[in-house]
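Quick notes on the structure that follows.
Every number in this text was worked out from the coordinates using simple rules, so none of it is lab data. These numbers come from a predicted model, not from an experiment. A quick note on method: Cβ atoms are made from the backbone with ideal geometry, for glycine too, and the neighbour counts reach across all protein chains shown.
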Amino acid sequence: MQPTLYIPHGGGPCFFMEWPGEPWKNMEAYLRALPSTLNEQPRAILVISAHWERALPTVTANPQPHLIYDYSGFPAHTYQLRYDAPGSRSSRSASAICSPPPESLRRVTIGAASITAFSFP
């Protein structure tokens, strides 16, 4: 059995920008080392986000979700970032506990993608 982790994602494209003092380097190192702390590679990653508000919990079942750049005023290169992770059949299992059907048009925030991009590229 895999552990449940709470991993805050920082601010938008924080890992992909230059910062005085490199404040995000420790978090990046933690994320890169995370897979080595697990008993086995995960078959799926469930990301819970407050970016979509619904009356009931809703699951994204997009086979290849695109990113949402939910920020503004950042350098142009941060709007070109990609994380082409495949969706998972496991989303069907997660959707079984939710009463609305899965939504296939939902996208993933760059914050959520940035933490998984370092851990599970």
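On full extension, the segment bounded by His77 and Phe120 gains 13.3 nm, given 0.36 nm per residue less the C-alpha separation.
Amide H contacts of Ile68 (H built 1.01 Å from N, in plane; Pro and chain starts excluded): Val108, Thr109, Ile110 sit under 5 Å, all sequence-distant by 5 or more or on other chains. Stretching the chain fully between Ser36 and Asp84 yields a gain of 15.1 nm (0.36 nm per residue, less the alpha carbon separation).
Here the 3J(HN,Hα) profile of segment 54-62, calculated from phi with Karplus coefficients 6.51, -1.76 and 1.60 at θ = phi - 60°, is 9, 5, 10, x, 10, 10, 7, 10, 7 Hz, Gly and Pro shown as x. When you count the other C-beta atoms within 10 angstrom of each residue and take the mean per peptide, 26-32, 112-118, 57-63, 36-42 line up highest first as 112-118, 57-63, 26-32, 36-42. Over all pairs of different C-alpha atoms, segment 17-65 has a mean inverse distance whose reciprocal, the Kirkwood radius, equals 14.5 Å.
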